[in-house]
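Readers should treat all values here as calculations from the given coordinates under stated rules, not as data from a laboratory. Every value quoted in this text rests on a predicted model; they were computed, and no experiment measured them. Here Cβ is always computed from backbone atoms with ideal geometry, including for glycine, and neighbour counts include all displayed protein chains.
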């Protein structure tokens, strides 16, 4: 390409690029409303977050087996300590009505709308619940969990790529 043609080509490219400018979208029109991470599983839908009932917090219940746990009775229960921000805790998950499938946990912070993996390894999913029927549940799974900041969190529980339940908890500082 000769010098003159190269210069013309460069000027045309610059004019084309200068016509492409960023436009700020008012926050009220931005979507999604939450900070859905690019690496979150593809089956996680914005509607799942919009349907969180923040008043339906996880509650303690007894399974008539001598083990008290926290969660949503006859759906998902946890034996383990309360979470503190950035502290890894071991939880034993219990599931009723489902006995196998990959487990995905997605944390959703109420105030900031941040989304975070719940497994302490920073992964969204783990291979299969199972672990046998203990404490009256159909399946169980021990895990290490952590959430990055204090506040009210919804833990969306997906089994085999389907939203199974949502636990609303308070994470302390």
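FRET efficiency for the pair residue 46 and residue 152, taken as 1/(1 + (r/R0)^6) with r the Cβ-Cβ distance and R0 = 25 Å, rounds to 0.85. From the alpha carbon centroid of region 39-103 to that of region 150-173 is 6 Å. The convex hull defined by the C-alpha atoms of region 33-171 has an orientation-averaged projected area of 7.4 nm². A full extension of the chain between residue 55 and residue 73 corresponds to an added length of 4.9 nm, given 0.36 nm per residue minus the alpha carbon distance.
Sequence gap at least 6, Cα distance under 8 Å: using those rules, report the relative contact order of region 52-173 to the nearest whole percent.
Working: 305 pairs, mean separation 35.5, N = 122.
Relative contact order here is 29 percent.
Each of the peptides 155-167, 55-67 was scored by the mean count of other Cβ atoms within 10 Å over its residues; in descending order, highest first, they stand as 155-167, 55-67. Label positions at residue 39 and residue 160, each projected 7 Å from the Cα along the C-beta direction, are separated by 2.8 nm.
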